[in-house]
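Working notes, structure below.
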Amino acid sequence: MIVKDELLNKLRRYFDLNLYEVKLWTALLSRGVSTAGELSDIADVPRSRSYDVLESLEKKGFVIMKIGKPIKYIAIPPSEVVDRVKKNMTAEAGEKIKRLETVKGSPLLGELETLHTQGISLVEPSEMSGCLRGRNNLYNHLDLLIKDSKKSVNIMTSDTGFMRKTEGLKASLEKARKRGVAVRISAPITKDNKKFVDMLKGIAEVRHNDKINSRFVTVDGKDMVFMTLDDKDVHPSYDLGVWVKTPYFTGAMDNVFNLMWQTSRQG
C-alpha cells in the first residue's frame with residue numbers, strides 16, 4: 001500500500017497524530033481488519049513499535065482490538081473517528097482552559113508578575129522593542145497595549161484595517177474609553193466600512209484620511225506599533241510590525257497623526 005506523503009502530513013496535522021500512527025491507521029483502513037504484523041509490513045513501521053502505536057490509536061478511538069489469537073485490529077469508520085477526535089479535543093481544550101483560569105488570582109500568577117516586574121525594571125527603555133510577525137501576533141500585542149493604556153490611543157490605518165481593528169479590538173477600546181482614555185482613529189472612510197464608524201460611536205472619534213497611506217498605533221505617547229507592509233499586498237500570515245517603547249519616536253509619530261487629524265473631516 002502506497003500512501004502519498006501529502007495525505008500523511010494532512011492526517012498528522014488534522015488528527016494530531018505522529019508519523020507511525022498515521023501510517024498504521026491508513027494501512028488498517030485499507031484492510032478493515034488486520035494483525036499488527038501485517039500492518040507493520042504494509043505500513044513500513046518497525047514491528048517493535050507497531051503494538052505500542054496501535055495501543056495508542058486504540059486509546060484515541062481510531063481502532064478496536066479484536067478478541068482472540070492472533071490479536072487483530074478493526075478500523076473504525078473515518079466519519080466516526082472525526083467525531084471522536086473533535087469530542088476529545090474539545091474536552092482537552094476545556095480542561096486546559098479551566099487550569100489556566102485557576103491561575104488568575106493565584107499565588108503562582110503573583111510570583112510570575114513579580115519576576116516580570118523585576119526583570120523589566122532592569123531593562124533600558126531603548127531595549128524594549130520587538131518584531132511582530134503575522135497579523136494575529138500584531139493584534140494580540142495591540143490588544144495588550146490598549147488594555148494597559150491610561151491616556152491616549154491613536155490609530156492610523158487602511159480602509160480594510162479599520163474594519164479589522166473595529167472587530168478585533170472593539171472590546172478593549174471600549175474598556176479603555178470607560179477608563180477615560182482618548183481614542184482616535186484616522187482611516188479612509190468608504191461605503192464598505194461606514195457602518196464600522198457607527199459601531200464605534202461613544203468609543204472612539206473617527207476621521208476620514210485618504211492622504212497618508214500608513215498603518216501605525218501609538219499608546220500614551222510612549223509605545224508604538226508600526227506596520228511595515230501594505231496590507232493590500234501581503235497575506236495576513238506574513239504581515240509585519242515593529243513595536244518600540246520610546247517617547248521620542250512615538251511623540252514624533254503623534255505629531256504626524258495630529259497634523260493629519262486637524263485637516264481631516266469627521267468620519
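The values are calculated or read from the model by the stated rules, or taken from the named source; none is laboratory data. Predicted model only: the values in this text are computed from it and were never measured. As a convention, Cβ positions derive from the backbone with ideal geometry for all residues, glycine included, and neighbour counts pool all protein chains shown.
When the helices (runs of 4 or more DSSP H) confined to the range 1-43 are screened for residues that are of a type in the set (Lys, Arg), those reaching at least 1 such residues are found at 5-15, 19-31.
The one condition from (1) surrounded by fewer than 20 Cβ atoms within 10 Å (Cβ to Cβ); (2) out of contact with any Cys (no Cβ under 9 Å at 6 or more places or on another chain) that VAL225 does not meet is (1).
Under the condition of being of a type in the set (Asp, Glu) and touching a residue at least 40 places away in the same chain (Cβ under 8 Å), which residue from the range 231-267 is surrounded by the most Cβ atoms within 10 Å (Cβ to Cβ)? Once the filter is applied, the top-ranked residue is ASP239. Residues in the range 197-212 that are under 20 Å from ARG177 (Cα atoms) and in a loop (DSSP other than H, G, I, E, B): LEU200, LYS201, GLY202, ILE203, ALA204.
The rows are residues; the columns are (1) modelled with pLDDT of 95 or more; (2) in a helix (DSSP H, G or I); (3) among the small types (Gly, Ala, Ser).
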position	(1), (2), (3)
MET163	yes, yes, no
LEU169	yes, yes, no
SER172	yes, yes, yes
ASP192	no, no, no
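The set of residues in the range 205-226 that are closer than 15 Å to ASP143 by Cα and touching a residue at least 40 places away in the same chain (Cβ under 8 Å) comprises PHE216, VAL217, THR218, VAL219, ASP220, ASP223, VAL225. Look at ILE189 and say whether it is within 23 Å of the chain's Cα centre (by Cα) and in contact (Cβ under 8 Å) with a residue 24 or more places away in the chain. Spelling it out, it is not the case that ILE189 is within 23 Å of the chain's Cα centre (by Cα) and in contact (Cβ under 8 Å) with a residue 24 or more places away in the chain. Selection over the range 225-253 of residues that are within 22 Å of MET163 (Cβ to Cβ) and in contact with a Phe, Trp or Tyr (Cβ under 9 Å, 6 or more places away or on another chain) gives a count of 5. Please go through the range 53-63 and pick out each residue that is assigned to a helix (DSSP H, G or I) and in contact with a helix residue (DSSP H, G or I) (Cβ under 9 Å, 6 or more places away or on another chain). Selection gives VAL53, LEU54, SER56, LEU57. What's the total number of residues in the range 182-202 that are over 23 Å from LYS232 (Cβ atoms) and crowded, with 20+ Cβ neighbours inside 10 Å? Count: 1.
Only one of the numbered conditions (1) modelled with pLDDT under 85; (2) among the polar types (S, T, N, Q); (3) surrounded by fewer than 11 Cβ atoms within 10 Å (Cβ to Cβ) is violated by THR90, and that is (1).
The requirement of being over 31 Å from the mean Cα position of the chain (by Cα) and either surrounded by 10 or more Cβ atoms within 10 Å (Cβ to Cβ) or modelled with pLDDT of 90 or more (or both) is satisfied by PRO46.
Scanning the range 152-176 for residues that are more than 23 Å from ASN209 (Cα to Cα) and among the basic types (Lys, Arg) yields one hit, LYS175.
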